[in-house]
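Read the structure below first, then the notes.
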Amino acid sequence: MTIPTSELCARYRRICVSVVCDALYELDLPERVLPSGLKPLLPDMRMAGIAYTLKGRAIRPGVGWDRGLDRIKSYLEMFKELTPDSVLVSYNPDSEVGHFGELTGNSAQQYGCTGVVLEGNLRDLDGLLDIGLQVFYRDLSPLNAIGRWEMVASQVPVTIGGVTVEPGDLVVGDRDGVLVVAGSEAERVLLQSESIVGSEELVRADMRAGATPWEGLERHGHI
């Protein structure tokens, strides 16, 4: 990839997810949209970054606080592996606890993480809103994870709603949804997306001058 990661992600944050979907479609690449049930904590904030994946599981029966500390340690130490412009993608099926909260959010931010995709439950919303970390989450739970949940793997493929996210994929999100772009295609998709943004600006001007959507499409090749 010739575009530095920081620049790549910054440029993606200027583009809405629907345009990136259009770019994938025009390039005949998979449109890997995650389930619409993943809700943005900050609807006005766009997210873009490189996937760091983890997989968790429920501990049943629970083992209590003291024994649970040993089993949560690898997860709490994982945060030092996050890098600038990363997006933490956390997959936690069949577990009722809170899998991410304000304290872990503070740590993620300190290591440069720009957002979280949480196939699981969020807690500590007020604190997360205060620090401004974008999280796309499935549900809410105030329950503490210690002794009830553990991380079983990191930097492995995870499948959310039939969409597989690989470590190193590009993840983008806004109020329209969350989309995954193969890391090997991220630069090509970015350039196509930026081209579409330029075409849409011309189409928008035509619409405001009275042209029909079809006329805009004929003139500029996009709608």
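Read-outs throughout are calculated quantities, based only on the coordinates presented, and are distinct from any laboratory measurement. On a predicted model such as this, the values are computed, not experimentally measured, just so you know. Neighbour counts run over all protein chains shown; Cβ positions are idealised from the backbone, glycine included.
Descending by average beta-carbon neighbour count within 10 Å, the peptides 145-154, 64-73, 125-134 line up as 145-154, 125-134, 64-73, the highest first.
For residue 153, neighbours were defined as the other residues whose beta-carbon sits under 11 Å from its Cβ, and their charges (Lys and Arg +1, Asp and Glu -1) total +1. Counting only whole DSSP H helices of the chain, the ones at least 20 Å long by C-alpha along their axis and with mean Kyte-Doolittle hydropathy no lower than -0.5 are 186-208. Taking every DSSP beta bridge that has both ends in the chain, the antiparallel portion is near 55%. Counting Lys and Arg as +1 and Asp and Glu as -1 over every other residue whose Cβ lies under 15 Å from the Cβ of residue 201, the net charge comes to 0.
With K and R counted +1 and D and E -1, the other residues having a Cβ less than 9 Å from that of residue 101 yield a net charge of -1. By the helix-only formula, in which each DSSP H run with n ≥ 4 contributes -39500 (n - 2.57) and the sum is divided by residues, the chain has a 222 nm mean residue ellipticity of -11000 deg cm²/dmol. Charges were assigned to the Cβ only: +1 to each Lys and Arg, -1 to each Asp and Glu. The resulting dipole of the chain about its Cα centre is roughly 580 debye. Of the GluC sites (Glu not before Pro) in the stretch 85-120, the ones in a loop by DSSP (not H, G, I, E or B) with at most 15 other beta carbons within 10 Å are 96. Of the trypsin sites (Lys or Arg not before Pro) in the stretch 161-223, the ones in a loop by DSSP (not H, G, I, E or B) with at most 13 other beta carbons within 10 Å are 175.
Separation of the stretch 62-76 from the stretch 86-150 is 17 Å, based on Cα centroids.
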